[in-house]
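Please read the structure below before turning to the comments.
Only the coordinates and a few stated rules stand behind these numbers; no lab work does. Just so you know, these numbers come straight off a predicted model, no measurement behind them. Because the Cβ atoms are built from the backbone with ideal geometry, glycine has one as well, and the counts that use them run over all protein chains shown.
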Amino acid sequence: MKVYLDNNATTPVSDEVKKEMIFAIDIYGNPSSLHQFGVEARNIVEKARRRVAETLGCDGQEIIFTSGGTESDNLAVRGYLKTTSKKHIITSATEHHAVYNIFNELEKEGYRVTRIGVDKNGTVDINQLKEELTEDTAIVSIMLANNETGTVQPVGEIVSAVKSMFPHIIVHTDAVQALGKLKFSVKELGVDLLSVSAHKINGPKGIGALYIKKGVRIKHLVSGGHHEKNVRPGTENVAGIAGFGCAAEIAVSKIDEVNDILEKLKLKLIKGVKEKIKNIKINSDAEKTLSNTVNISFNNVEGESIIMMLDMDGIAVSTGSACTSGSLEPSHVLKAMGVDPVAAQGSIRFSMGKYTTEEEIDYLLEKLPPVIERLRKMSPLERQ
Amino acid sequence: MEQYSSKVMEHFTNPKNVGEIKNPDGVGHVGNPVCGDIMELYIKVDNKDVITDAKFKTFGCGAAIATSSMVTEMVIGKTVDEAEKVSNMAVTEALGGLPKVKMHCSVLAEEALKKAIDDYRCRTKDEKDNKDNKS
C-alpha cells in the first residue's frame, strides 16, 4: 500500500486540472501577441486570472501570476521595499523559509528586522507586534497558516491592529498553506499583499500568484517586458496558469466538503497515535489549525529515521518542513514554540489531502507503532 | 539531499549489534540532542586486548544508525590498538560513502569508538594500579 501524507509539501495534480492543462499546452500563441493565436492564449490566462481572483475575493486586476509561493513572497516584500525609504520590517518567528530567509537577507542588507514571537501553539503575539510598530515600519509579513504545524494566525486582527495605529504600513501574508484549506477572502483579512501557489491545491508546480491590493505599489525584481502590469516580466506560463485557475476554483468550491472529511481523519489519527504510542507530544493545539495537518513529536527518536522506516512501508511523511530535510538544524518553528530539542528532533508532520482515505490512516496506525518501538529500542535516551 | 548508498540502507534497515553490554570494558558516549545525534558505544575486551564484542545505542538519523552499526562490525575481532586506527573515513568508505551533510555522523562514530577505547584504557590502568598497590 502506498500512502501519501505529505500534502503540505506538494499535492498530486487532479484529473480536471490535467485536462485543462493539456488543452492549454496546444494553445501555443504568446498572450502578448495581437493576432488570433495570441488572443486565444490571452483568453486562457484571463479566464484563469478571474477564477483565482474569485477564490481570493478580489478583482482580476489585482492578481499577478508568478512562478510560485517563493517568488510571490519575494515580489511582495522586496518589490514593496523598493518603493519606500523606510527601514524597519516585521515578520514572525515561524515563517516558511520563503519569507524567513528574505528577512534574514534584508537584515544583512541593512534593514532593522523584528521577529514577533509565538506562544506554545505557534500563535503570534499581537501585543508584542503592536509595541514594535513605528513610523519607520515599512511592511509586516505574517503567514496565514503554518506549513509545519497548521497553526492559523489571526491575520485579520493583525491587519486591524496595524492599520489602526499606522495606516501607511503594508501588510503581507503568505497564504500558500491556507488556500483551499481555510475559508478566507482578501477583503475580510484586509491585507495589502497575499501569496498563493498552485501545487499545494492539486495544481501544477511552478505557478503561483500575488494579490496586490488596488493602490499598493510594487516594483518588479527582474527586468524585462510589460507583462503582468510591468510587475512580473516574462512570457506567461499559459498551461500552468490554466491549471492554477482550475485547481483554485475546485479547491475553494469543495472546501467544506473536504474539510469535514479531513477533520474526522485528523481526530482519528491523533486518537489512534495517542492510544498506541506513549511519550508523544502533539505540537500545536491552537484553537484554529488546518484540518489536514498534524505535527507530533515522538520523544527519544529522531525524525529522519522515522521517515525512512515509514517510507519502507510505503508511507510518505515529513519532518517539520520539506525544506528542512537535509539540513542539520531542528525546525525553527518548533524552536520558536519552545518545544524542547529532543522533542523537536523527533517531530513528524502528517499532512493529508483531498485524496486521503480512512483506510490509509488505519494503515498508518498499524505501521507507525512498531517503527517507533524499534527506534526507541535503539535509542540511548530510552532507559528501561 | 543526496541519496543514501545501498550499504547505508542495509545497515539502517538491519543494524548489527544494537543494544548495551552488561559490565562493559569500555563505554563511549558522544553527541547531544541539540546537535541531533547521540551515540553510545560499548566494548568488551579479552585479556589479549582483543575486542570480542561491541554494541551501540543511537539517537539520530539514518546515517547515524548506519555508521554506528558499521563501526561495531569493523572493530569486533580487532585488538584495541588496531581498532583505534579505524577512522571516520574508513567507516564512510565501508558504507559506500555518505551524503556530504551526513559526514558528521561518521565523525561521531569515530569519536564514540575513541572514547570507548580511552575508557577501556583508563579502567585497565586503574585495575593495574590497584593490583600494583595491593602487591
Next on the checklist: Quick check: the distance between the Cα centres of segment B:55-98 and segment A:78-131, to the nearest angstrom?
Outcome noted: 44 Å
Checklist entry - Is there a simple number for the mean count of other chain Cβ atoms within 10 Å of the Cβ of residues in B:36-47, and what is it? => result 2
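Tell me the mean residue ellipticity at 222 nm calculated for chain A from its helices only (DSSP H runs of n ≥ 4, each -39500 (n - 2.57), averaged over every residue, nearest 500). Mind dumping the intermediate values first?
On the way: 13 runs with 158 residues, N = 384.
About -13000 deg cm²/dmol.
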Item to check | Calculated from backbone phi, Karplus (6.51, -1.76, 1.60) coupling profile of segment B:84-93 in Hz, x at Gly/Pro | outcome: 4, 7, 6, 9, 5, 5, 5, 5, 4, 4
Item to check | Lysine pairs within segment A:27-145, Cα separation less than 21 Å, 8 or more sequence positions apart or different chains | outcome: 6
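How crowded by other chains is B:52-65, given as the mean number of beta carbons from other chains within 10 Å of each beta carbon?
Values: counts 0, 0, 0, 0, 2, 6, 7, 14, 9, 10, 6, 3, 4, 7.
Shielding by partners across B:52-65 averages 5.
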Next on the checklist: Rounded to the nearest 20 debye, what is the charge dipole size of segment A:144-217 about its Cα centre when +1 sits on each Lys and Arg Cβ and -1 on each Asp and Glu Cβ?
Outcome noted: 280 debye
Next on the checklist: Mean Kyte-Doolittle hydropathy of 0.0 or higher plus an axial Cα length of 24 Å or more: which whole DSSP H helices in chain B meet both?
Outcome noted: none
Checklist entry - Taking the Cα atoms only, what angle lies between the long axis of helix A:303-312 and the longest principal axis of chain A, rounded to 10 degrees? => result 90 degrees
Checklist entry - Farthest toward the dipole's positive end in the protein assembly as shown, which of B:Ile117, A:Ala76, A:Leu365, given Cβ charges of +1 (Lys, Arg) and -1 (Asp, Glu) about the Cα centre? => result A:Ala76
Checklist outcome for this item: Any aspartates and glutamates whose Cα falls less than 15 Å from that of A:Lys354, other than same-chain ones fewer than 8 residues away, would be A:Asp6, A:Asp15, A:Glu16, A:Glu249, A:Asp256, A:Glu257, A:Asp260, A:Glu263
Checklist entry - Once the protein assembly as shown is represented by equal point scatterers at the alpha-carbon sites, with solvent omitted, what log10 I(q)/I(0) does the Debye formula produce at q = 0.06, 0.07, 0.12 Å⁻¹? => result -0.36, -0.47, -1.08
Next on the checklist: Nearest 10 degrees is fine. How inclined is helix A:358-378 to the longest principal axis of chain A, computing both from alpha carbons?
Outcome noted: 60 degrees
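Looking at segment B:1-103, I'd like the Rg to Rh ratio, where Rg is from alpha-carbon atoms and Rh is Kirkwood's inverse mean 1/r.
0.97
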Checklist entry - So how strong a dipole does chain B carry about its Cα centre when Lys and Arg Cβ are +1 and Asp and Glu Cβ are -1, to the nearest 20 debye? => result 120 debye
Item to check | Total lysine pairs under 24 Å (Cα atoms) in segment A:160-212, excluding pairs fewer than 8 apart on one chain | outcome: 7
Checklist entry - How large is ³J(HN,Hα) for each residue in segment A:19-30, as worked out from phi by the Karplus curve 6.51 cos²θ - 1.76 cosθ + 1.60 (θ = phi - 60°), to whole Hz, x for Gly and Pro? => result 4, 5, 5, 5, 4, 5, 4, 6, 8, 8, x, 7
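At 0.692 mPa s and 37 °C, plugging the Kirkwood radius over alpha-carbon pairs of segment A:1-118 into Stokes-Einstein gives what diffusion coefficient in µm²/s? Numbers along the way, then the final one.
Values: Rh = 17.8 Å.
In µm²/s, the coefficient rounds to 185.
Looking at segment A:281-384, which GluC sites (Glu not before Pro) are DSSP coil and have at most 16 other C-beta atoms within 10 Å of their C-beta?
Values: sites: A:Glu287, A:Glu302, A:Glu304, A:Glu358, A:Glu359, A:Glu360, A:Glu366, A:Glu373, A:Glu382; in loops: A:Glu287, A:Glu302, A:Glu382.
For GluC sites (Glu not before Pro) across segment A:281-384 that sit outside H, G, I, E and B with at most 16 neighbouring Cβ atoms in 10 Å, the list reads A:Glu287, A:Glu382.
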Checklist entry - Using unit Cβ charges (K, R positive; D, E negative) and no other charged atoms, how large, in debye to the nearest 20, is the dipole of chain A about its Cα centre? => result 340 debye
Checklist outcome for this item: Between the residues A:Thr293, B:His104, A:Val162, the Cα farthest towards the positive end of the dipole of the protein assembly as shown, that dipole coming from +1 and -1 charges on the beta-carbon of Lys, Arg, Asp and Glu, is from A:Val162
Next on the checklist: I'd like to know which of B:Val45, B:Gly31, B:Met9 lies farthest towards the positive end of the charge dipole of segment B:1-50, counting +1 on Cβ of Lys and Arg and -1 on Cβ of Asp and Glu.
Outcome noted: B:Val45
Checklist entry - Considering only DSSP states other than H, G, I, E and B, which GluC sites (Glu not before Pro) in segment A:84-134 qualify as loop sites with at most 11 other Cβ atoms within 10 Å? => result A:Glu109
